[in-house]
1. Does residue 183 satisfy being modelled with pLDDT of 90 or more and either of a type outside the set (A, V, I, L, M, F, W, C) or surrounded by 12 or more Cβ atoms within 10 Å (Cβ to Cβ) (or both)?
2. Which pairs do you get when a residue that is in the same structural domain as residue 291 (by TED's automatic domain parsing), found in the stretch 253-276, comes within reach of a residue that is of a type in the set (Phe, Trp, Tyr), reach meaning Cβ atoms under 6 angstrom, with the pair 6+ apart or on two chains?
3. Search the stretch 207-230 for residues being among the hydroxyl-bearing types (Ser, Thr, Tyr) and over 15 Å from residue 105 (Cβ atoms), and hand back the single one that is modelled with the highest pLDDT.
4. Could you run through the stretch 142-183 and say how many residues are of a type outside the set (Phe, Trp, Tyr), within 21 Å of residue 132 (Cβ to Cβ) and in contact (Cβ under 8 Å) with a residue 40 or more places away in the chain?
5. For the subset of the stretch 9-32 comprising residues that are at pLDDT 95 or above and in a helix (DSSP H, G or I), which member is farthest from residue 57 (Cα to Cα)?
6. What residue, among those in the stretch 48-77 that are under 9 Å from the mean Cα position of the chain (by Cα) and not in a strand (DSSP E or B), is farthest from residue 22 (Cα to Cα)?
7. Taking residue 88 as meeting all but one of (1) free of Cβ contacts under 8 Å to residues at least 60 places away in the same chain; (2) within 24 Å of residue 161 (Cα to Cα); (3) not charged (D, E, K, R), write down the number of the exception.
Amino acid sequence: MPRPLRIEFAGAVYHVMNRGDRREAIFRDDADRRRFLDTLGEVCGKTDWQVHAYCLMPNHFHLIVETPQPNLVAGMKWFLGTYTTRFNRRHRLVGHLFAGRYKALLVDASSPGYFRRVCDYVHLNPLRANLLAPGAPLSSYAWSSYPDYLKPPKRRWPWLRVDRLLGEVGVGRDTSGGRQDLEQRMETWRAREAGEQDWSGIRRGWFFGPEKAKEELLARISAAEGTRCYGPERIESAETTAERLVGEELAALGLAGSHLRSLPKGDPAKVRIAARLRRETTVTLAWIARRLEMGKWTYVSNLLRAHRAAGRARSVNSED
C-alpha cells in the first residue's frame, strides 16, 4: 500500500501526531516533557513554525502547526530526531523512540469551523483519556496548550500563537475577560457536547475540510505536478535559508564562495558557519560538509561537538 503524500505549501496548517514505538511511553517524567517543548521551541526558531495547540500524552503527542514556509518534512525530521537523541542520551538507551511515520492531517483553516474543531480535539485529549480527576477543570491538565491560553501573554511559550483560535471562538481580545470567556465556553462545550462529537474526520484520512476544498487542492497539486509533495522539493526551503546564511557569513569575512576550498577543512571560520547553520536551519550535516568543503559529515559532527564544548568552557570561565 503506497504511503500518503506529504503535501507542503506556504501557510499550510497540520494536525501532527506520533506515538511511541510499540505504544511505549515517549515521556518518562516532567523533565522529558519540558525537553520536548524546549525542542519544539528550537524547531520553531529554525523553521518559523507557528504552534496553535499541543497536547502531550503518556505515549503520544498532538500538535497543530502552521508552516509559513513549505518545510513540514524537514522540520519534523529534525524535531523528532533531535528529541529522540536527547531522550535516549538521558535514559541511556539506543534505537527508535517513535513508531514509524508521523501522521500529518492537512486542515482547511480558511473554512469556518474546521480549525476550531481540530484545536478542540487536541485540547480535549486528556478528558477522553480519563486523565482528569473527577470534577477537575480541563485546565488542570498541565501538559496541554489549553492552560497556556488562560495565562497572560508573558507567561506563555513564546512560540505559541493564540490569536487565531481566540478569533474562531469569538474572543476578540487577549485580555483577562476574554480568557475567562474562553474558559467558560470550553467548560460548557465539554459538559454538553464533547462526548457526542464524531471525531472520525480528524482521526482518519489526510485532509480535514469541506469536500469542495479538498477537490480544489487536489486539482492544484495535479496542475503543479506534485510540487511541494513529499519528494526532492521538500528540502528547498531549508537549503535556501542556509545559502542566505552562508552568504552573510562569507560577506562578513570578506570572502567569496570560491575561497572556501582554499581554507582547511577544519578552519575556525568554517566551523563557526557550520555551527550557525545547525542552530538556525534544518539542513543536514552532509549538506553542510559538502557546501563548506569540510570533508565527511562525521568530521563536521566532531568539530561541532568540540566547538560546543569550548563554548560551554568559556561560559563557565566567564562566570568565575
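The values are calculated or read from the model by the stated rules, or taken from the named source; none is laboratory data. Every value quoted in this text rests on a predicted model; they were computed, and no experiment measured them. Heads up, the Cβs are rebuilt from the backbone with ideal geometry, glycines too, and the neighbour counts pull from every protein chain shown.
1. yes
2. Correct list of pairs: empty, since none qualify.
3. That would be 222.
4. The total comes to 5.
5. Per the stated criteria, the residue is 31.
6. 49
7. Of everything listed in (1) free of Cβ contacts under 8 Å to residues at least 60 places away in the same chain; (2) within 24 Å of residue 161 (Cα to Cα); (3) not charged (D, E, K, R), residue 88 misses just condition (2).
Rundown of residues vs (1) part of a loop (DSSP other than H, G, I, E, B); (2) at pLDDT below 90, yes/no style:
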site: 90; (1), (2): no, no
site: 96; (1), (2): yes, no
site: 101; (1), (2): yes, yes
site: 105; (1), (2): no, no
site: 111; (1), (2): yes, no
site: 116; (1), (2): no, no
site: 119; (1), (2): no, no
site: 126; (1), (2): no, no
